Amino acid sequence: MVEAAPLIRPEAGTAELAVRDLHGWYDESHVLHGINFDVRPGEVVTLLGRNGAGKTTTLKAIMGILSKRTGSVRFMGRELIGLPARAIARAGIAFCPEERGIFSSLSVEENLMLPPTIRDGGLSRDDVLGIFPNLRERLQSQGTKLSGGEQQMLAIGRILRTGAKFLLLDEPTEGLAPVIVQQIGATLRTLKQRGFTIVLVEQNFHFAASVADRHYVVEQGRVIDEISDAELAANTEKLHAYLGV
Amino acid sequence: MFELLGIPPQALFGQLLLGLINGSFYALLSLGLAVIFGLLNIINFAHGAQYMMGAFLAWMLMTYFGIGYWWALLLVPIAVGASGVVIERLMISRLYHLDHLYGLLLTFGLALIIQGLFRNQYGVSGLPYTIPAELSGGTNLGFMFLPNYRGWVVLASLVVCLGTWFTIEKTKLGAYLRAATENPTLVGAFGINVPRMITLTYGFGVGLAALAGVLAAPIYSVNPNMGADLIIVVFAVVVIGGMGSILGAIVTGFGLGIIEGLTRVFYPEGSAVVIFVIMALVLLVKPAGLFGRTV
């Protein structure tokens, strides 16, 4: 297993990521209507909500993949709105898309080594393979020949190498068997111990509850509620109403 | 010596060699087109004109500055490639959000302009470019006489093609290129400067065309239409090999050159159309091309 790295953070206690009045558009369609939330260093925060609420779009807007966006996204004090995705990645945010984005023309090894190192302190290749041992035997396979769970591990594993300590994960458990979901949950807890900050988009509320410190509820392009993990039990019914489960 | 179906071996090997030479140019040119199409999704109709520019630039270096073949082989691809970089930055990059057809129209227009400028300046009669002294003469292989320069062209083309294939399929740089071909947005979100990669890729593809032009200068006469004549066949080669397939471009380029040569031996009347007949057949059976990814 991996050794726990010392948790050193600038501006501990203040928000690492502050999203204010974030609006976003797909072509002419206005999808985000003023998203507000904070993420503090070392936290795992989920964005919960129904399909089409704007959770994925929020991650894409933060990452700069959504080209038409307004408002403010401050990361470690630096304004990211207006920067291209590559500059946001270089600022230290790593993104794992919902569709996983494994490249079929690349081997597993090439997929793993693709994202460039943006700063020191990332996991080594062996660290990643220590966390996801299934990948080790498949390094020479074509990336998309992996099972869904292995592809998800590869998609998470490859961004851990870059040195970015702030991860945006879009539905990492979608469509996966329960045993794999558990393994990914354990991985996220390990990453939290190692000082990673994680914003997680989830439909699977039970999974979210097992890993996150706080939950933001997104509906129709706005954050409509915030629930800490401690308050979760008392708010189950309210949440079920939000999520329509 | 043996005789095959009543064909004297000298004629057979002679046409095989000619086919191999033509194949060398088909391969180099379709390789550049494939690299460009893979990443830019643009059919570079200016490719023939850029090949012609390569031959002309070699001729100009020699005629006006006394700079010989070997330096031209290095300098011309860089210079013409740089012109490609400028064209991509100033013009092609503005078209990516539009239908692919616009890129085709733009590069076709550029090709006409470039050819027109050279025709205006130098006419169409063709200018001579002498074979470098090191490669003049020939070698007797026993079964045939091989002009040294032609052997060199085949060898150089093979080395450049395989080098390009290796770089794209086996190196880290190539992994970036393949990944950006599949999903440029995600590659950008990893912190890689995809627009710059696209620009340099276009420059590289154009540089390959110019390199082919320098190699061609001592064999074919240097004239403004040399690219336009060749590029139609090269497009057929690209279609047969499969759009965007690197290995497909190389194998099909050499293969069709040889098939064309053999046709000239056994059925000379068909040699001008054989490639297009094969193209039609391949399109009927395998529309994505022999090596193409089915989309």
Quick count over the range A:185-210, residues being surrounded by fewer than 20 Cβ atoms within 10 Å (Cβ to Cβ) and not in a loop (DSSP other than H, G, I, E, B), is 11
Filtering helices (runs of 4 or more DSSP H) wholly in the range A:75-148 for at least 2 residues that are facing chain B (nearest Cβ under 10 Å) and not aromatic (Phe, Trp, Tyr) gives A:85-91, A:108-113
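Restricting to helices (runs of 4 or more DSSP H) lying wholly in the range B:82-196: which have 2 or more residues that are within 14 Å of chain A (Cβ to nearest Cβ)?
Working: elements: B:100-122, B:148-170, B:172-182, B:184-189.
Filter on the range B:82-196 gives B:148-170, B:172-182, B:184-189.
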Going through (1) in contact (Cβ under 8 Å) with a residue 60 or more places away in the chain; (2) farther than 18 Å from residue B:48 by Cα one by one, residue B:147 fails only at (1)
Note: among B:201, B:139, just one is within 30 Å of residue B:8 (Cα to Cα) and either crowded, with 19+ Cβ neighbours inside 10 Å or without any contact (Cβ under 8 Å) to a residue 24 or more places away in the chain (or both), namely B:139
Scanning the range B:52-81 for residues that are in contact with a helix residue (DSSP H, G or I) (Cβ under 8 Å, 6 or more places away or on another chain), under 12 Å from residue B:118 (Cβ atoms) and not small (Gly, Ala, Ser) gives B:52, B:53, B:56, B:57
Picked from the range A:149-163 (must be more than 13 Å from every other protein chain (Cβ to nearest Cβ) and either farther than 26 Å from residue A:196 by Cα or among the polar types (S, T, N, Q) (or both)), the residue surrounded by the most Cβ atoms within 10 Å (Cβ to Cβ) is A:152
Scanning the range A:47-74 residue by residue, the ones that are among the small types (Gly, Ala, Ser) and away from every other protein chain (no Cβ under 14 Å) total 6
Only one of (1) of a type in the set (A, V, I, L, M, F, W, C); (2) touching a Gly at 6+ places or on another chain (Cβ under 9 Å); (3) touching a residue at least 60 places away in the same chain (Cβ under 8 Å); (4) part of a helix (DSSP H, G or I) does not apply to residue A:156, and that is (2)
Checked A:139, A:146 against criteria (within 30 Å of residue B:170 (Cα to Cα), surrounded by fewer than 17 Cβ atoms within 10 Å (Cβ to Cβ) and of a type in the set (A, V, I, L, M, F, W, C)); the one match is A:139
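Is it the case that residue B:78 is modelled with pLDDT of 90 or more, farther than 23 Å from residue B:238 by Cβ and outside any helix (DSSP H, G or I)? Full working, then the answer.
Values: modelled with pLDDT of 90 or more: yes; farther than 23 Å from residue B:238 by Cβ: yes; outside any helix (DSSP H, G or I): no.
It is false that residue B:78 is modelled with pLDDT of 90 or more, farther than 23 Å from residue B:238 by Cβ and outside any helix (DSSP H, G or I).
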- Item | Test result for residue A:8, at pLDDT below 95 and under 19 Å from residue A:94 (Cα atoms) | yes
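Answer yes or no: is there a residue in the range B:245-252 that is touching a His at 6+ places or on another chain (Cβ under 8 Å) and in contact (Cβ under 8 Å) with a residue 60 or more places away in the chain.
At the first step, the residues of the range B:245-252 found to be touching a His at 6+ places or on another chain (Cβ under 8 Å) are none.
No.
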Here the residues within the range A:57-74 that are surrounded by fewer than 19 Cβ atoms within 10 Å (Cβ to Cβ) and not in a loop (DSSP other than H, G, I, E, B) are A:68, A:70, A:71, A:72, A:74
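The values are calculated or read from the model by the stated rules, or taken from the named source; none is laboratory data. Note that this is a predicted model, so its numbers are computed, not measured. Reconstructed Cβ throughout: ideal geometry from the backbone, glycine too, with neighbour counts over all protein chains shown.
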